Ligand code: 3HC
């Protein structure tokens, strides 16, 4: 079946199928930036592994950070089915020619931030990634199935951290409220610019890559999350929040902040990128050793 007929029939495009250059290009762009987000996203949380308040919390956080590395791996592998090499994608990340999610440019100031990231950031990721399990491009959709299973563990452990704090001392509850106040708006910005300003949505939706618009998913996230904040006894920092006909009306985020952070002016952009580049350089010997081992194995097999 040709490309358009497959898309019209809501079928799956596989790596060897003929596809328009634009389809290939936007998938490489989105999957690569998704993968970059996963590996940069390890930094804010990795920062608290050595400072977790108990061995149990440390073990859970280590497992989560390792999961994010794995998500990056699945996604770089999915991107490579489109004919790109992950080394080139990493070069583009390191040189600022490709992006990663704005959310990871904010600092994790207290332990409650680790709860807020799990609850809000991974919660937003689930809202965004579940529809991607039905993406028209096979390898991306399949990578998302396992990612989404692990994200729900991430979201639950974050909520549990905050639940513990909210049922602890007044100081702990205040720490949880402070984290919500700082992470609420950047989490809404994760879904991207408003539909009216989205450059790719229309085409991505026509190609079955994006199943819902940025604003639709943002609304879905707010509707899901506000009742959870009520269970925690925390106040969502939006005076405009109103529950009406089963939905929440909310104040639009300040998108100039999103554009500013994406441009590189967020609180942690420089630190995140230089840490990433250093980790890549420090890991060069591992890549060289693995390549030498693979070459030796191949020579022996020849
Ligand atoms: N941060 C950085 N850049 C963003 C952004 C954000 N929060 N939101 C939008 N952008 C960029 C887009 O990449 C695009 O720039 P580009 O042309 O240079 O790529 C531009 O702003 C216009 O936005 P559009 O809405 O037109 O772009 P998309 O159609 O690509 O929609 C998206 C943006 C919703 C993020 C979409 O790319 C997507 O669904 N990506 C896959 C999911 C993803 O990457 N999530 C990031 C977080 S990963 C994560 O949370 C992991 C979890 O384990 C914690």
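Close Cβ contacts (under 9 Å, 6 or more residues apart or on different chains) running from residues in region 144-172 that are closer than 18 Å to residue 62 by Cβ to residues that are outside any helix (DSSP H, G or I) comprise 151/130. If you filter region 18-31 down to residues that are more than 9 Å from the ligand (Cβ to nearest atom) and in contact (Cβ under 8 Å) with a residue 40 or more places away in the chain, you find that the one that is nearest to residue 88 (Cα to Cα) is 28. Would you mind stating whether residue 225 is outside any loop (DSSP other than H, G, I, E, B), within 15 Å of the ligand (Cβ to nearest atom) and either in contact (Cβ under 8 Å) with a residue 24 or more places away in the chain or in contact with a helix residue (DSSP H, G or I) (Cβ under 8 Å, 6 or more places away or on another chain) (or both)? So residue 225 passes the test.
Where helices (runs of 4 or more DSSP H) fall wholly inside region 86-201, the ranges with 3 or more residues that are within 11 Å of the ligand (Cβ to nearest atom) and within 15 Å of the chain's Cα centre (by Cα) are 122-129, 138-166, 170-189.
Counting residues in region 4-25 that are in contact with a helix residue (DSSP H, G or I) (Cβ under 6 Å, 6 or more places away or on another chain) and either closer than 30 Å to residue 180 by Cα or at pLDDT below 95 (or both) gives zero. Summed over region 1-16, residues that are assigned to a helix (DSSP H, G or I) and either more than 10 Å from residue 207 (Cα to Cα) or touching a residue at least 12 places away in the same chain (Cβ under 8 Å) (or both) total 4. Could you please let me know if residue 39 is within 13 Å of the ligand (Cβ to nearest atom), under 19 Å from residue 191 (Cβ atoms) and touching a helix residue (DSSP H, G or I) at 6+ places or on another chain (Cβ under 9 Å)? So residue 39 fails the test. Listed by first and then second residue, the pairs linking a residue in region 103-121 that is within 19 Å of residue 193 (Cβ to Cβ) to a residue that is more than 13 Å from the ligand (Cβ to nearest atom) and outside any helix (DSSP H, G or I), with Cβ atoms under 8 Å apart and 6 or more places separating them unless they lie on different chains, are 104/268; 105/267; 105/268; 106/267; 106/268. The single condition from (1) surrounded by 20 or more Cβ atoms within 10 Å (Cβ to Cβ); (2) more than 9 Å from the ligand (Cβ to nearest atom); (3) within 30 Å of residue 138 (Cβ to Cβ) that residue 214 fails is (2).
The C-beta contact set for region 63-75 (first residue farther than 15 Å from residue 43 by Cβ, second residue in a helix (DSSP H, G or I) and within 10 Å of the ligand (Cβ to nearest atom), distance under 6 angstrom, 6+ apart or interchain) comprises 75/31; 75/34; 75/35.
From the list 234, 258, the lone residue that is touching a residue at least 60 places away in the same chain (Cβ under 8 Å) and not in a helix (DSSP H, G or I) is 234.
Apart from one condition, residue 92 fits all of (1) more than 15 Å from residue 30 (Cα to Cα); (2) surrounded by fewer than 20 Cβ atoms within 10 Å (Cβ to Cβ); the exception is (1).
The values are calculated or read from the model by the stated rules, or taken from the named source; none is laboratory data. Keep in mind that this is a model prediction, so the values were computed, not measured. Here Cβ is always computed from backbone atoms with ideal geometry, including for glycine, and neighbour counts include all displayed protein chains.
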